[in-house]
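Each remark here refers to the structure printed beneath this line.
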Amino acid sequence: MALDFLKLNDDNSIRIPAGDLHKQVSAILQGVGTPTEHAEIVAKILVSSSLRGVETHGVGNAVRYSQSIESGEYTVPQTVAVVTETDTTALLSCGNGLGFVAAYQGMEMSIAKAREFGLGMTTIKDGHHIGMVGYYPMMAAEQDMIGMAMTNASRSVRPALGARPRVGTNPIAFGAPAGEERDFIFDMATSTVASGKIGLAKRLGVQMPVGWAVSAEGEPITEPRGDRGEDWAMNPLGGTREQGAHKGYGLGVVVDILCGVLSGGGFGAQLSGGENMTWTMAIDIAKFRDVDDFKVMMDDMIRELHATPPLPNEDGVLVAGDPEADFEDDRLMNGVPVENGQYDEMRQRAVQLGVEVFI
Ligand SMILES: NC(=O)c1ccc[n+]([C@@H]2O[C@H](COP(=O)([O-])OP(=O)(O)OC[C@H]3O[C@@H](n4cnc5c(N)ncnc54)[C@H](O)[C@@H]3O)[C@@H](O)[C@H]2O)c1
């Protein structure tokens with residue numbers, strides 16, 4: 001949900017055409033040895049994230065990934081290898097490279113298997129950050145399929161009733177195609193918010209709302225923290241016992257099982273920062289029923305939800321994906337806002353690497 005206090009505006013950001021941002025991100029990654037094909041995949045996903053208003057997982061992260069490659073934390077060029085495989089499933093290794101590349105290829109493989117057998121599923125170990133997790137189900141929806149993706153992360157979120165971080169923010173994303181209406185794209189952390197929003201709050205110099213994080217004594221903290229430690233933790237979705245924190249926590253562990261335990265790559269408490277295991281799935285709608293009939297019913301459902309009378313002081317009822325699609329419509333026309341600091345960093349990095357400056 002677009003939170004007003006985290007919104008980029010003309011004071012704290014600069015608008016750049018999406019095409020130029022794509023070229024800049026790809027050039028920076030190629031500048032540290034990333035093969036063109038892989039740099040293009042990462043650029044596509046980061047620009048889509050920034051276009052959709054998910055700036056926490058957008059182009060501003062390109063410099064950080066290029067530094068992880070330069071330091072050797074990431075192995076590039078990488079080889080995404082098939083470890084085990086059946087008609088409908090595969091275990092892949094990301095080869096310690098860019099998580100985006102393995103997640104993208106993992107979803108492509110899920111889609112190809114679903115096209116043939118109705119269902120495709122991959123789980124991926126030896127991985128790193130995959131960005132906006134909703135991107136991968138969007139790939140399936142574009143192919144008239146239902147798609148899901150998940151990724152786990154190192155510990156930052158406390159279990160319900162717990163006082164220490166033991167689970168990652170572990171997002172779950174789901175996508176389904178619609179007809180005349182926009183595709184349904186639901187993409188959420190299983191913590192109250194993505195940790196990227198705490199980072200953004202810190203960079204914008206604003207306080208966090210009560211409910212995002214607590215101290216080891218369980219006291220709410222509102223000063224955004226940039227570090228990880230045992231003296232504070234993010235809250236699982238739900239936040240409190242009364243608000244259903246056990247549900248967000250439970251979902252977070254579901255993600256750890258499908259990503260970390262099924263792949264053997266490791267669950268939250270076993271991972272170091274920057275390690276992420278991933279899971280993808282695609283379902284071929286055509287194997288169940290006529291795709292056009294499916295989309296007509298999707299449109300009916302979305303319209304029914306949109307038509308719900310809103311609460312007083314609310315403009316209207318949305319469905320998942322609406323806020324991001326609204327951002328995309330605006331930013332394709334008016335340019336993508338990039339935080340001033342991240343804009344400077346990207347230009348400096350391009351000059352440092354001796355690649356062309358496109359922004
Ligand atoms: N790669 C990683 O390790 C990682 C970890 C955590 C989060 N993330 C990413 O962070 C991003 C933000 O996550 P978040 O949990 O803060 O998301 P969020 O709270 O902004 O939105 C979650 C979902 O709710 C939908 N939504 C928002 N307002 C709505 C409304 N009024 N009615 C209906 N639906 C609505 C959005 O369309 C979105 O699908 C996601 O893209 C996620 O993939 C990535």
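The stretch 175-216 and the stretch 56-96 have Cα centres lying 23 Å from one another. Of the heavy-atom accessible surface of the stretch 1-109 (probe 1.4 angstrom), what whole percent is carbon and sulfur? C and S fraction of accessible area: 50 percent. Note that the chain presents 44 Å² accessible area per residue, ligands and nucleic acids not counted, probe 1.4 Å.
If you run the Gaussian network model on the chain, springs between alpha carbon atoms under 10 Å, then out of Val206, Val317, Val83 the most flexible one is Val317.
Magnitude of the charge dipole for the chain, about its Cα centre and with charges confined to Cβ atoms of Lys, Arg (+1) and Asp, Glu (-1), is about 1100 debye.
Per residue of the chain, what 222 nm ellipticity follows from adding -39500 (n - 2.57) for every DSSP H run with n ≥ 4, rounded to the nearest 500? Calculated mean residue ellipticity at 222 nm is -11500 deg cm²/dmol.
Under a Gaussian network description of the chain, with springs only between Cα atoms under 10 Å, the residue in His22, His246, His57 that fluctuates furthest is His246.
Between Ala112 and Glu217, how high is the FRET efficiency from 1/(1 + (r/R0)^6) when r is the Cβ-Cβ distance and R₀ = 45 Å? Nearest 0.05. FRET efficiency, Ala112 to Glu217: 0.35.
Leaving ligands, DNA and RNA out of it, report the carbon-plus-sulfur percent of the accessible area of the stretch 202-310 at a 1.4 Å probe. Reported share for carbon and sulfur atoms: 59 percent. Relative contact order of the stretch 79-324: 24 percent, from C-alpha pairs under 8 Å at least 6 residues apart in sequence. Kindly work out what percent of the DSSP beta bridges joining two residues of the chain are antiparallel, to the nearest 5. The antiparallel fraction comes to roughly 85 percent. If you run the Gaussian network model on the chain, springs between alpha carbon atoms under 10 Å, then out of Pro209, Pro77, Pro137 the most flexible one is Pro209. Model label points for Glu70 and Thr84, set 7 angstrom from Cα along the Cα-to-Cβ axis, are 4.0 nm apart. Annotation: extensible slack from Asp330 through Gln352 equals 4.7 nm (criterion: 0.36 nm per residue apart, minus Cα-Cα distance). A 1.4 Å probe over all protein chains sorts Lys295, Lys7 by accessible area into Lys7, Lys295, starting with the largest. About the centre of its Cα atoms, the stretch 201-344 shows a dipole size close to 480 debye [charges on the beta carbon of Lys, Arg (+1) and Asp, Glu (-1) only; nearest 20 debye]. Overall, the ratio between the Cα radius of gyration of the stretch 79-324 and 2.2 N^0.38 Å, rounded to two decimals, is 1.06. Simple rule: put +1 on each Lys or Arg Cβ and -1 on each Asp or Glu Cβ in the chain, find the dipole, and look at Ala39, Gly97, Gly238; the Cα lying farthest toward the positive end is Gly97. Ranked by the mean number of other Cβ atoms within 10 Å per residue, highest first, peptides 47-56, 87-96 order as 47-56, 87-96.
The values are calculated or read from the model by the stated rules, or taken from the named source; none is laboratory data. Since we're looking at a predicted model, the values are computed, not measured. Here the Cβ is made from the backbone with ideal geometry for all residues, glycine too, and neighbour counts use every protein chain on show. What goes into the accessible areas is simple: the full protein's heavy atoms, side chains included, and nothing from ligands, DNA or RNA. Shrake-Rupley method; radii C 1.70, N 1.55, O 1.52, S 1.80 Å.
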